[in-house]
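The values are calculated or read from the model by the stated rules, or taken from the named source; none is laboratory data. All figures in this text were calculated on a predicted structure; none of them were measured in a lab. Cβ coordinates were reconstructed from backbone atoms using ideal geometry, including for glycine residues, and neighbour counts include every protein chain displayed.
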């Protein structure tokens, strides 16, 4: 049974974890104290998140939270450069740990976390919530079943516009030393995970190109969280990680693929687009239309046109977790995130590994991200 849940990091993504735990934690422990602690060095942010989602305690020192015997589940929701240290400490303390992506700034930094997770007796994972999109889980099942024939080509694009406005403030996200590669690590991590989820292991990165489209930004007058506008100072700071990254990859199964990650794609919002092509069919999906995916198949009479396959009660994660699982039901980011948290808590409750987005998946994704970074002609963050 889950005893107490702590969220370390009260920023934007911490709220996603808090919301999902609020929705599902009671299924595994009905006691009111199961939503235990929100921790952030900004005490005001921690108090607000705790109040918004019903967590009982607030802390500002993550080490004390990890040492608390009443806490057995920890979500690490901190800036990228802090993931490794806190996740390693939580694993060493015998906690169940869910670490936000990216697992680390590089594969060299992720390797010790991977090794620690293999030795640990607790459940651990990396946040790869897009695997829980019903349409993409169903596309994967069709790829595995051979419905599309032999895999030939895959295209995954994760395009956002959260950094498209040059008047948004400079923050840790635009510093290579703290964020690592920019769009590549921030949203490209999800794109690379989706490539692996659907087509298996990447054999090599054939080519890559990166672009910094906004070379400097004004510093904020105060602290920042998320991607919103704040009061700006007159001081400028350089942006030294990518705004856009594109890569061409070869898979172990012989297929090829492309990956695009952008944080400056005006009008894209937070859009993931996937197209999977095999010798006997093509399937495609975009988060802009989450209630269905499309598929075209090669029949004896020739190729069919694309047909919509709607979400339905029998779709992955729909029947058991959506309150009203009717045909064509549209589920979005909050639901996908909740499906992941439910699966994580289920694995803890049943004492089994969290294989669908494991620490190992985070590590192997980091290896591919490093290869893309090198192929683009950029340096990889060092081991720290």
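List the strands (runs of 3 or more DSSP E) inside segment 79-171, counting only whole elements, that have at least 3 residues being in the same structural domain as residue 234 (by TED's automatic domain parsing) and within 18 Å of the chain's Cα centre (by Cα).
Where strands (runs of 3 or more DSSP E) fall fully within segment 79-171 and carry at least 3 residues being in the same structural domain as residue 234 (by TED's automatic domain parsing) and within 18 Å of the chain's Cα centre (by Cα), they are 151-160.
Taking only segment 175-231 into account, find how many residues are within 16 Å of the chain's Cα centre (by Cα) and in a strand (DSSP E or B).
Looking only at that region, the number is 0.
With segment 286-384 as the region, which helices (runs of 4 or more DSSP H) entirely inside it contain at least 2 residues that are within 26 Å of residue 26 (Cβ to Cβ)?
Fully inside segment 286-384 and qualifying: 318-321, 333-350.
Residues in segment 47-58 that are in contact (Cβ under 8 Å) with a residue 24 or more places away in the chain and either farther than 17 Å from residue 32 by Cα or not assigned by TED's automatic domain parsing to the domain that holds residue 11 (or both): how many?
1
I need the full set of residues from segment 18-43 which are out of contact with any helix residue (DSSP H, G or I) (no Cβ under 7 Å at 6 or more places or on another chain) and in contact (Cβ under 8 Å) with a residue 60 or more places away in the chain, in order please.
Of everything in segment 18-43, those that are out of contact with any helix residue (DSSP H, G or I) (no Cβ under 7 Å at 6 or more places or on another chain) and in contact (Cβ under 8 Å) with a residue 60 or more places away in the chain turn out to be 27, 42.
Within segment 158-176, restricting attention to residues that are closer than 24 Å to residue 247 by Cα and touching a helix residue (DSSP H, G or I) at 6+ places or on another chain (Cβ under 7 Å), which residue is surrounded by the most Cβ atoms within 10 Å (Cβ to Cβ)? Steps first, please.
Residues of segment 158-176 that are closer than 24 Å to residue 247 by Cα, as a first pass: 158-164, 173-176.
Imposing the further condition that a residue be touching a helix residue (DSSP H, G or I) at 6+ places or on another chain (Cβ under 7 Å) reduces the set to 158, 173.
Details: 158: 27, 173: 22.
The extreme case among them is 158.
Is it the case that some residue within segment 219-239 is at pLDDT 95 or above, buried (at least 19 other Cβ atoms within 10 Å of the Cβ), within 26 Å of residue 77 (Cα to Cα) and touching a strand residue (DSSP E or B) at 6+ places or on another chain (Cβ under 7 Å)?
yes
Taking the stated definitions as given, is residue 308 surrounded by fewer than 21 Cβ atoms within 10 Å (Cβ to Cβ), within 24 Å of residue 198 (Cβ to Cβ) and free of Cβ contacts under 8 Å to residues at least 24 places away in the same chain?
On the way: surrounded by fewer than 21 Cβ atoms within 10 Å (Cβ to Cβ): yes; within 24 Å of residue 198 (Cβ to Cβ): yes; free of Cβ contacts under 8 Å to residues at least 24 places away in the same chain: yes.
It is true that residue 308 is surrounded by fewer than 21 Cβ atoms within 10 Å (Cβ to Cβ), within 24 Å of residue 198 (Cβ to Cβ) and free of Cβ contacts under 8 Å to residues at least 24 places away in the same chain.
Could you check segment 240-261 and list, in sequence order, the residues that are in a loop (DSSP other than H, G, I, E, B) and surrounded by 15 or more Cβ atoms within 10 Å (Cβ to Cβ)?
Once the filter is applied, which keeps residues that are in a loop (DSSP other than H, G, I, E, B) and surrounded by 15 or more Cβ atoms within 10 Å (Cβ to Cβ), segment 240-261 yields 240, 241, 242, 243, 255.
For segment 51-65, which positions are surrounded by fewer than 23 Cβ atoms within 10 Å (Cβ to Cβ), in contact with a helix residue (DSSP H, G or I) (Cβ under 9 Å, 6 or more places away or on another chain) and not in a loop (DSSP other than H, G, I, E, B)?
Result: 52, 53, 57, 58, 59, 63.
Restricted to segment 20-49, and to residues that are assigned to a helix (DSSP H, G or I) and touching a strand residue (DSSP E or B) at 6+ places or on another chain (Cβ under 8 Å), which residue is surrounded by the most Cβ atoms within 10 Å (Cβ to Cβ)?
Step by step, filter segment 20-49, then rank; the result is 21.
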